[in-house]
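Worksheet: the structure to be examined is printed underneath.
Values in this text are rule-based calculations from the coordinates and carry no lab data. Since this is a predicted model, take the numbers as computed values, not measurements. Here Cβ is always computed from backbone atoms with ideal geometry, including for glycine, and neighbour counts include all displayed protein chains.
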Amino acid sequence: MASLQTENTDINTARQKYIELLKQNGMTPKTETIPTAEASGRVTAAPIYARINAPHYSASAMDGIALDAKLTYGTTETTPLFLDIGDYKRVDTGDPLPDGCDTIIMAEDIIEMADGRIKLTNSAAPWQHIRQIGEDICAHEMILPSYTRITPYAIGAMIAGGVADIAVIKKPIVGFIPKGNELIPPTADPGKGDVLEFNSAIFSAMLREWGADAVTYPIVGDDAAGIRQVLETALSECDIVLMSAGISSNNEDYTAAAISTIGTVLYDGLAIKPGKPAILAYSDSKPILGIPRYPVSGIIVIEQILKPIIEFLSHSAPEAYRYADAVLSKSVVSAIGYREFIRVRMGYVKDKLIATPLGRGSGIVTSFMKADGIIEVPQDADGYENGDVVSVRLLTHVDELKHSLVAIGSHDPMLDELSDLLRKEHGSISLASAHVGSMGGLIAIRRGEAHLAGIHLLDEDTGEYNVSFIKKHIPKGGVRLIECVKRTQGLMLRKGNPMNIKGFPDLTRNKLRYVNRQKGSGTRILFDYLCGNTGIEPSLIYGFNREEYTHMSVAALIAADSADAGLGIYSAAKLYDLDFVPVCDEQYDLLIPDHAWDMPIMQNLLEILQSNAFRQRLGELGGYTVGKPGEVRFRT
């Protein structure tokens, strides 16, 4: 019996030993017999042999007439042959060859005479235009070998060969047990402390894509007896069992202990981030996996551990990952001792593939939805520097990346609307946005890492937006500042403004909870400017160091009563039904380098920017004033 490995184990070592042990214990693919017509996409469990000939009779391959070829010998244009009705039989394609006939003459080669006879001007060869018995498939001929994926065309061949049902590899049945006292089924109105259980939906969809069947069991609480009971049921009904692992708030995690009473835990913890709390266990030949509760962690674990098991049990060839080298636009720091998986957005800028890291939290499932690739930081590395060339596992095809506009800079909801309109008008084009703040976007343009950047940088001395920053940080020029919108910035407040906040001086009140934007963002620069203008010491504001990267995330925290106030744009406040105290109207522009200006996809975006459809979307969002979008405000 294998001993429990409690140290964080290298993922490759753990996967190899785990699968080898499962095979030694008898894990093997299962088979089942199904109707041939339902077998598309399945894998043959044994060679498939034809049971009859196809065709199983001699058949006409053309519309025309059937007759004895000897009648036509010597026929030419100068010595034509005239046939009476009794000399031939009319046939259509697929008709059985009439008795006494050994040739077919196409309808195009016969001449109908007024007296009812048929005139021929060429002789016919025996067995021309006739499909012979077994021409396509002979009885007992192998149609498909073992372990072959069945295509729709193969289904036709098998049915033609008389194969009505076939033995295929049985789809593995994977059971998932969601566990946690805080988990509830999906709802549009969760209570405070409730956590929506959606991991089962993600995992089930992934499993179906991999060729497995998925079963989700009812949510079980954090108690050993309940866990054991549902685990026993799942093991009796499934080939593989997944269970949420990890510690709930104020609760002990009983996953490994419960599994130990039924089977054997081989690894409790892996040296990967995210995904460290994974449990690799088994009962007889059945795998049991403890899956971290956070969705991104869970996705990484089932991709790295479960997918190879599914491929083995399905007799499917392992997926060949595609990789590409990319330039990292932002440094990433990783902990030595763990293999870390970092999701990135990507796009080609000046024939150079740029990778921008996304949010790295193990619960940020949208980072997987938006990711174009994954960087794997080795266990003995502490990360990568900005500008490093890194190998990226592609999640998006290279051709699609070449039709992406890379936008790195300030966040605004209208960028999502712009992206949607671009997709609707030009389906192959996408806008790959990464929200790093206005200064981050300006620097990305300077380094040649983006096609455009949204910026709204206030010059505190002149009150002008963006131009002085461009002159300072891109002194060599080669960029155009494009007018986009004016937007209203202000204090977003809880509905009803229960703390009666009227302006910036009120932010220092006792018990007021503020949520700030990150350093380098245009909104943060505006916040610092307003603090200086009103004589407020920022450190006196509770929550000054609590930073978020988007207006929407600030609004969400206020709407959820996790904060009382935050500086942001009106459209975000409106979307979350918050109160709003206007502070100023600011200029939000797009900075575009000259090398990207003439790109067809950039011109497509500028056309959308000037469209009535875009103006209508802005009106629905609220808080925007549209002047001359797309006009060059400044060029250097």
Open item on the list: If you scale each eigenvalue of the Cα gyration tensor by 5 and take the root, what three semi-axes come out for region 258-341, rounded to whole angstrom and sorted largest first?
Closed with: 28, 19, 9
- [ ] Compare the peptides 498-511, 393-406 by average per-residue count of other Cβ atoms within 10 angstrom and give them in order, highest first.
- [x] 393-406, 498-511
Open item on the list: How much length would be gained if the chain were fully extended between E209 and D95, taking 0.36 nm per residue of separation minus their Cα-Cα distance, in nm to one decimal?
Closed with: 36.7 nm
Task: √(5λ) per eigenvalue of the Cα gyration tensor, region 110-269, largest first, Å - done: 64, 21, 10
Task: Pairwise FRET efficiency - L395 versus E38, Cβ, R0 = 35 Å, nearest 0.05 - done: 0.65
- [ ] For region 381-484, divide the Cα radius of gyration by the Kirkwood radius and give the resulting Rg/Rh value with two decimals.
- [x] 1.01
Open item on the list: Take H140 and R322, extend 7 Å from each Cα along the Cα→Cβ direction, and tell me the distance between the two endpoints in nm.
Closed with: 4.6
Task: region 500-612: projected area of the alpha-carbon convex hull, averaged over directions, in nm² - done: 9.0
TODO: Quote to one decimal, in nm, the extra length available between S539 and S236 on full extension: 0.36 nm per residue of separation minus the C-alpha distance between them.
DONE: 103.1 nm
TODO: Bin all alpha-carbon pair distances of the chain at 20 Å intervals from 0 and give each bin's fraction as a whole percent.
DONE: 15, 34, 27, 16, 7, 1
Task: For region 117-195, alpha-carbon Rg and Dmax in angstrom - done: 29.1, 92
Open item on the list: At 7 Å along Cα-to-Cβ for each site, give me the label-to-label distance between Q132 and D189 in nm.
Closed with: 7.6
Task: Diffusion constant of region 38-162 at 20 °C, which comes from Stokes-Einstein with the Kirkwood Cα-pair radius and 1.002 mPa s, µm²/s - done: 129
- [ ] Quick one: grab the alpha carbon gyration tensor of region 418-575, order the square roots of its eigenvalues as a ≥ b ≥ c, and give me rounded if a/c is under 1.5, else prolate or oblate depending on whether a/b is larger than b/c.
- [x] oblate
Task: Rounded to 10°, Cα long-axis angle of helix 199-209 versus longest principal axis of the chain - done: 30
Open item on the list: Report the rotationally averaged projected area of region 106-161 based on its alpha-carbon convex hull, in square nanometres.
Closed with: 6.6
TODO: Quick one: work out Rg over Rh on the C-alpha atoms of region 55-102, Rh as Kirkwood radius.
DONE: 1.02
- [ ] Apply the Kirkwood formula to region 418-469: the hydrodynamic radius equals the inverse of the mean of 1/r over all pairs of different alpha-carbon atoms; give it in Å with one decimal.
- [x] 12.7
TODO: Quick one: angle between helix 224-237 and the longest Cα principal axis of the chain, in degrees between 0 and 90, rounded to 10, please.
DONE: 20
